[in-house]
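Nothing in this text is a laboratory measurement; each read-out follows from the coordinates by a stated rule. Because the structure is a prediction, the values reported are computed rather than measured. All Cβ positions, even for glycine, are placed from backbone atoms using ideal geometry, and neighbour counts span all protein chains on display.
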Amino acid sequence: MSHWFLISTLLAFLSLDVAAVGQFMVCRPIVVGPLVGWFLGHPDIGLEMGALIELIWIGDLPVGAHLPMDLMMLSGVSVAFACELLGTKYPNEAVMTYALGMTIPLAALSTEVDIFISKFNVRWVHLAQRMALSGHFRTFAWINWFVLLELLIKGFVVAAVSLTLVHFTSGLFFLFTTILNGKVIEGLYYAHWLLLALGCSAVIDLLVEKKTAVYLILSIVTIMGLAIFYHMQGVYLVSIALCVGFALALFYMGKGEKNG
Amino acid sequence: MADEPIVSLNRKDMIFAFLRSFFLQAAWNFERYLSYGVAYVLLPVLKKVYASQEDRSQALSRHLEYFNTHPYMASFVLGAILRMEEEKQQLPKPKQKQKEEEISALKVGMMGPIAAMGDNLFWATIRPYCGLLAVTLVLSSAFQVKGQYWVIPLLFLIVYNVAHVGIRLTGFIQGYRKGDQVVLTLRKYGFQEAIRGLKLASIVLLGVLIVFVNLSELEKEMGLFVLKLTFFTAIVGLFTFALHRKISPSQLFYAVVLFALMLAFWPDLSAPPQMEHFAPSIPAAVVVPAEMKPIKGKS
């Protein structure tokens with residue numbers, strides 16, 4: 001039980017990075033996943049789940065007044081839950097999909113709490129206005145720390161409640177898999193590959209336009225060719241893609257300077 | 001000149017204000033958005049610049065008005081405000097009111113354009129690029145062979161924060177140097193071109209990612225790989241269409257899981273029919289009673 005407490009504390013501190021402090025992106029799934037996984041002895045699972053969550057929700061952006069899904073809570077809680085289920089005989093892909101599916105509603109709930117806090121913060125600002133006009137500058141500055149404490153408590157409570165809830169659904173997982181004779185596991189296993197397709201779609205939806213679709217096709221064909229005919233390994237292919245990408249970026253930036 | 005002594009900001013004030021700018025969104029709310037954050041950043045500077053308590057209160061209250069922009073790009077405005085508040089204090093009293101209006105106009109005028117630029121540059125370009133790079137490296141199994149799982153998240157944080165802190169710092173310094181003219185300098189950084197170039201770089205990386213997702217079959221059989229890639233492309237096309245129609249990723253997640261479960265429970269049509277299903281229809285005469293079976297070794 002002590003590790004649940006420590007994970008909740010860790011997630012509470014990481015939740016400050018989502019919007020309140022710095023936004024250094026320590027709260028992103030690709031960082032939170034391996035961190036929680038490492039804490040529970042499965043950094044590989046954490047990294048894989050973090051990558052999947054990062055990919056699927058890559059297009060959920062905090063633009064204007066929109067608050068996106070709490071991905072920090074989603075990745076932290078789902079990785080912790082998946083690590084709890086990993087000792088079983090079932091494949092990792094199925095366990096990861098199940099853990100993620102169970103945690104999404106809780107992450108949505110966390111977002112709702114964030115919305116409530118953002119509405120509640122209006123009161124803090126009104127108090128700050130009164131303090132500014134009455135010359136209580138020290139109290140004015142302290143409001144910042146009160147709000148951070150409020151967010152810290154929210155992060156801890158939401159993480160602790162979520163971890164407790166998903167812990168109780170682990171029995172459900174074993175019940176399903178026993179009654180339905182492995183078919184559920186098979187389905188969850190297929191779903192993992194389809195979720196990667198969903199992630200790729202999210203990136204396409206965010207970045208690719210009609211004009212730039214040709215670059216994607218060219219990239220796929222070239223990388224496929226290099227992998228098939230030259231038997232190139234993953235790291236080399238990523239390096240080539242990075243170099244080509246940077247060349248394109250520099251070309252466009254140079255073009256902009258010329259026009260400017 | 002004003003009656004009060006002229007106070008100018010030193011490097012320590014600037015560093016302190018810059019560090020406080022990392023708390024800009026702490027009290028983010030649906031009424032005034034970043035207003036408290038701006039006032040919190042400016043508080044030590046205003047306390048130094050304005051000698052009288054009344055002036056400080058007025059200035060701080062002025063900065064609690066509605067302000068909403070991108071938190072990183074806000075540093076351009078914050079730097080400019082620091083400069084203008086410093087200049088305002090050095091003006092004669094009658095001209096100070098005009099300067100106040102100029103400060104408000106700068107905030108109102110700049111928050112929209114830099115928010116759009118920041119959202120597009122950071123949320124829609126740099127962060128997806130860094131995320132995509134990290135995910136591609138995870139799928140390539142680049143740093144997992146020797147258990148170095150921390151390398152990929154660390155790389156993600158370094159690449160992202162070089163751009164993040166770099167632009168924040170540049171914005172703050174340039175804002176302070178140029179004052180209300182900072183809006184004219186924004187164009188020279190070539191953000192639009194950087195967005196375009198980085199989006200293309202991300203698309204190239206996406207190509208690698210798509211090949212990696214299907215690569216396991218490539219090692220086994222070429223035909224199977226092409227078949228899998230074709231199916232994958234069709235599925236990706238369908239999902240992209242759904243996302244384009246504003247169906248959320250969470251809804252699609254459950255749709256995918258449901259579809260996969262249906263596939264798992266779907267009866268295998270190519271398999272031969274199971275005899276036990278047809279057992280009642282087999283005529284009783286066909287079933288040979290045990291006592292009629294020939295006994296081995298006896299004719």
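Assorted remarks:
- In terms of surrounding Cβ atoms within a 10 Å radius of their Cβ, B:ILE167, A:ILE56 rank from fewest to most as B:ILE167, A:ILE56.
- With R₀ fixed at 25 Å, the C-beta to C-beta distance from A:VAL221 to B:ARG245 puts the FRET efficiency at about 0.30.
- Once the Cβ-Cβ distance of A:THR178 and A:GLU112 is raised to the sixth power relative to R0 = 51 Å, the FRET efficiency obtained is 0.90.
- If a spin label sat at a point 7 angstrom from the Cα of A:SER134 along the line to its beta carbon, the backbone N atoms of the range B:56-78 nearer than 20 Å would be those of B:56-65.
- Sorting B:SER35, B:SER61 from the fewest to the most surrounding beta carbons within 10 angstrom yields B:SER61, B:SER35.
- Lys-Lys pairs in the range B:1-99 that are eight or more residues apart or on separate chains and whose Cα atoms lie under 16 Å of each other come to 6.
- Computed E for A:PHE24/A:PHE229 - FRET, C-beta separation, R0 51 angstrom, nearest 0.05: 0.75
- Stokes-Einstein diffusion for the range A:4-179, with the hydrodynamic radius set to the Kirkwood value over Cα pairs and evaluated at 10 °C in a medium of 1.306 mPa s, equals 93 µm²/s.
- Distance between modelled label sites at B:LYS97 and B:THR170, nm, 7 Å Cα→Cβ extension: 4.1
- For the pair B:PHE16 and B:LEU238 in one chain, pulling the backbone fully straight at 0.36 nm per residue adds 74.8 nm over the alpha carbon distance.
- Placing dummy labels 7 Å off each Cα toward the beta-carbon, the span from A:LYS119 to B:SER52 is 4.2 nm.
- Here the alpha carbons of the protein assembly as shown define both size measures, Rg and Dmax, at 29.1, 133 Å.
- The HN-Hα couplings worked out from phi for the range A:110-117 by the Karplus form 6.51 cos²θ - 1.76 cosθ + 1.60 (θ = phi - 60°) are 4, 5, 5, 5, 4, 4, 4, 5 Hz, whole numbers, x standing for Gly and Pro.
- Each Lys or Arg adds one and each Asp or Glu takes one away; over the other residues whose Cβ falls under 12 Å from the Cβ of A:ILE143, this sums to +2.
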